[in-house]
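The values are calculated or read from the model by the stated rules, or taken from the named source; none is laboratory data. Since this is a predicted model, take the numbers as computed values, not measurements. Cβ placement follows ideal geometry from the backbone for every residue including glycine, while neighbour counts extend to all protein chains displayed.
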Amino acid sequence: MRWYLAFRYPVQAWDTYQFEKRYAREKLYQSRVQEYDRYLRDPTPTLSAHFPGADVDGLIHEVQGKRALYDRIAQLSAKPQDFLYKSVFGIGTARGELLYAMTRLLKPEIILETGVANGYSSAFFLQALADNGRGHLHSVEYPPMGHWKDPRIGILVPPELRNRWTIHLGNSKRILPKLVRQLGKVDLFLHDSDHCFDSLLFELRTTWPAIPPSGVLLSDDITMNNAFVTFCDGVGRQPINLREPGETHPLGFVPKTLRPGEEGAGHAPATP
């Protein structure tokens, strides 16, 4: 069956082969993962410091009142066998609530994320944009082989929230440079796709120049390798990671502009 799919979908087959090669080399890029423990931060006070006067807990309670969103997630999650992606793929509601709060505070015009899967992050981003009354989400997703344009991609996103959403299908290494140029700026970026060292570092470095002074860059599952700390070294930032209770992989947090009291890397200014 795999050879049949490779013949029918040669580009995806080649990309899958390249991914497997990258994944096999990942142990070469894990020498600094212990450093992340030094930069572990509680999400609520960290966001409150970056957005002075912000009621982060209040915003989390606000989104928890969006029953249509939570009911859809609960109903669909009750049958994970119907998902295109395994249930392991997804940030979950606790992290989704954090993304919602961040989006409500930042009020971005453009959000860019890589990795959609079942649509956890997309759903919370889009709920926040709807409540802001402004903004658009661009999502880059590479579907499994043989499932191009499968309607189950992002299935958790309620239909009434999809008018602010554009999905770009394909390999982020091909799509992201052109898309970032077209968008001009990216107020909020989230990496949550291929976490291999080369891919993660490529996405962060490609997007960073487009983030304005008020913008924020986020990266999920940063403790898998050295990519996030390597990126932070290059832009003069500490590899701050936010982790909610029960989470195993922190969310990397990099503001383009440091607020008073926030810490940089202490050895270099942020590059444009």
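With the condition being surrounded by 17 or more Cβ atoms within 10 Å (Cβ to Cβ) and among the hydrophobic types (A, V, I, L, M, F, W, C), I'd like the strands (runs of 3 or more DSSP E) fully within the range 162-265 carrying at least 3 qualifying residues.
188-191, 216-219, 251-255
Is it the case, given these coordinates, that residue 231 is among the aromatic types (Phe, Trp, Tyr), farther than 16 Å from residue 140 by Cβ, in contact with a Lys or Arg (Cβ under 8 Å, 6 or more places away or on another chain) and at pLDDT 95 or above?
Yes, satisfied.
Let's see how each residue does on (1) over 24 Å from residue 64 (Cα atoms); (2) over 16 Å from the mean Cα position of the chain (by Cα); (3) acidic (Asp, Glu):
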{"position": "109", "(1), (2), (3)": "no, yes, yes"}
{"position": "115", "(1), (2), (3)": "no, no, no"}
{"position": "121", "(1), (2), (3)": "no, no, no"}
{"position": "128", "(1), (2), (3)": "no, no, no"}
{"position": "133", "(1), (2), (3)": "no, yes, no"}
{"position": "154", "(1), (2), (3)": "no, no, no"}
{"position": "164", "(1), (2), (3)": "no, yes, no"}
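Restricting to the range 127-141, and then to whatever is in contact (Cβ under 8 Å) with a residue 40 or more places away in the chain and part of a strand (DSSP E or B), can you tell me which residue is farthest from residue 193 (Cα to Cα)?
It comes out as 138.
Return yes or no: is residue 144 at pLDDT 95 or above, part of a loop (DSSP other than H, G, I, E, B) and touching a Leu at 6+ places or on another chain (Cβ under 9 Å)?
Spelling it out, it is not the case that residue 144 is at pLDDT 95 or above, part of a loop (DSSP other than H, G, I, E, B) and touching a Leu at 6+ places or on another chain (Cβ under 9 Å).
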